[in-house]
Amino acid sequence: MKRFILSLLLLTSIAHSHEPAAAAPKGSGLKVLVYSNTGYYRHPEIPKINRWLVLLGHENGFEVDVTEHWKDMRAKELSGYDVLVLNSANELDKVLPEEQRQAVEQWFASGKKGIVGLHAALVHQTKWPWLNALGGCDFNSDSDYAKAKVTVNPAAKDHPSVKGQPAEFWIEADWTNHDRAVTGLPGFNVLLRVDESTYTPVRDYFKTRNGKPMGADHPIAWTHEPATGGRFFYTEFGHDLRSLSTPFVRQHILEAIKWAGEPAKQAVK
């Protein structure tokens, strides 16, 4: 992990070495660990998204390390981070030993930590019941990369990850169908929904594999603040760089990370 992190940090320093020093942005002080190992299908752009996240942190005043090794998910190592980003890290019971999964649970239970799940982070997680409950659902199928209409939940329009967006807007992405909607679950707050009437929700591959659309209530981004403490944020965005590179999704994920880490920042004031 150390050599990989160093190479990413060198890329950021080279890319920005010509820029004048600037005041520290609002995200200053957060320490973020990105975990991107997979037990199921591996999205080809995971390495590019890892780099994108490192640059996002570099440009917004927080530190981002990247790993795919279970040793970096031990309690001692996790204790140095405020936010854990699961970059399409799926079927984690296959790649994270039980001891490390318990370490994540205990780390989150402190109440001052946050987890951000991108795209496939809620795919095949039923054998890790804690994460499955934290996310609220699991994977059923998905669409092709398609342009679709997205709506902002009026009750959540002031959340920083969606603030300033119109009530409806169109955007291209790969849309995931979950096995249930999280709407109404205790502690959950839906931020965005996608309108399935504006695209084909189940691609051909899944039409013969019990793939099902979600219907009128298809959340694509939400938060969960369990009574036991901690903050969880999930978004379907993150399949590849095409949507991440848009101004909205860049803001969406930046603010998700900052929101997830806010309790840690408040704790040190």
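Along the principal axes of its C-alpha atoms, what lengths does the range 156-260 span, in descending order and rounded to whole Å?
So the extents along the principal axes, rounded to whole Å, are 40, 32, 23.
Work out the P(r) tail for the range 202-269: percent of alpha carbon pairs separated by more than 14 Å, whole number. Walk me through the numbers before you get to the answer.
Values: 1627 of 2278 pairs.
The share of Cα pairs beyond 14 Å in the range 202-269 comes to 71 percent.
Rounded to whole Å and ordered largest first, report the semi-axes of the equivalent ellipsoid of the range 22-149 derived from its Cα gyration tensor (root of 5λ).
Values: eigenvalues 107, 83, 35 Å².
Semi-axes (√(5λ), whole Å): 23, 20, 13.
To the nearest 500 deg cm²/dmol, what mean residue ellipticity at 222 nm is calculated for the chain from DSSP H runs of n ≥ 4 alone, each contributing -39,500 (n - 2.57), summed and divided by the residues?
Rounded to the nearest 500, the figure is -9000 deg cm²/dmol.
Under a point spin-label approximation (7 Å from Cα along Cα-to-Cβ), what is the residue 41-residue 144 distance to one decimal in nm?
For the pair residue 41/residue 144, the computed spacing is 1.4 nm.
May I ask you to compute the full-extension gain from residue 31 to residue 93, defined as 0.36 nm times their residue separation minus their alpha-carbon distance, rounded to one decimal in nm?
Stretched out fully, the residue 31 to residue 93 stretch lengthens by 19.8 nm.
Could you list which residues have their amide H under 5 Å from that of residue 180, counting only those 5 or more apart in sequence or on another chain, with H placed in the peptide plane?
138
Taking 41 Å as R0, compute the FRET efficiency from the Cβ-Cβ separation of residue 245 and residue 79 and round it to 0.05.
After rounding, the FRET efficiency stands at 0.80.
In 10 Å bins starting at zero, report the fraction of Cα pairs in the range 72-135 per bin as a rounded %.
Values per bin, smallest distances first: 22, 61, 17.
State log₁₀ I(q)/I(0) for the range 109-181 at q = 0.17, 0.22 Å⁻¹ as given by the Debye formula over alpha-carbon point scatterers of equal weight, solvent excluded.
Per q value, in the given order, log10 I(q)/I(0) is -0.87, -1.17.
Of all the Cα-Cα pairs you can form in the chain, what percent are over 35 Å apart?
Values: 4153 of 36046 pairs.
Tail of P(r) above 35 Å: 12 percent of Cα pairs.
Give me the accessible area per residue for the chain, probe 1.4 Å, as a whole number in Å². Could you put the intermediate results ahead of the total?
Working: 12250 Å² over 269 residues.
Value returned for the chain: 46 Å² of accessible area per residue.
Where Lys and Arg each count +1 and Asp and Glu each count -1, what net charge lies around residue 172 among other residues with Cβ under 11 Å from its Cβ? Kindly include the intermediate steps, with their values, before the conclusion.
Numbers: positive: 147, 242; negative: 144, 174, 240.
Net charge in that neighbourhood comes out at -1.
Below 12 angstrom from the Cβ of residue 209, what's the summed charge of the other residues (Lys, Arg +1; Asp, Glu -1)?
On the way: positive: 203, 207, 212; negative: 142, 204.
Cβ neighbours under 12 Å give a net charge of +1.
Where both partners of a DSSP beta bridge lie in the chain, what percent of those bridges are antiparallel, to the nearest 5? Write down the numbers at each step before the final one.
On the way: 22 of 41 bridges.
Counting DSSP beta bridges with both partners in the chain, the antiparallel share is about 55 percent.
Can you give me the long-range amide H partners of residue 142? Hydrogens built in the peptide plane at 1.01 Å from N, cutoff under 5 Å, separation of 5 or more residues or another chain.
Sorted by chain and number, the residues that satisfy this are 177, 203.
With axes computed from alpha carbons, what is the tilt in degrees of helix 46-60 against the longest principal axis of the chain, rounded to the nearest 10 within 0 to 90?
The helix 46-60 is inclined about 60 degrees to the chain.
Using amide H atoms built 1.01 Å from N in the peptide plane, name the residues 5+ places from residue 85, or on other chains, whose amide H lies under 5 Å from its own.
Here 33, 34, 35, 116 satisfy the definition.
Within the chain, what whole-number % of the accessible surface is contributed by carbon and sulfur, with the 1.4 Å probe and all protein chains included in the calculation?
Working: 6550 of 12250 Å².
On the chain, the fraction of accessible area on carbon and sulfur atoms equals 53 percent.
The values are calculated or read from the model by the stated rules, or taken from the named source; none is laboratory data. This is a predicted model, so every value here is computed, not measured. Glycine also receives a Cβ, built like all others from the backbone with ideal geometry; neighbour counts cover every protein chain displayed. All accessible areas refer to the heavy atoms of the entire protein, side chains included, with ligands and DNA or RNA removed. Shrake-Rupley method; radii C 1.70, N 1.55, O 1.52, S 1.80 Å.
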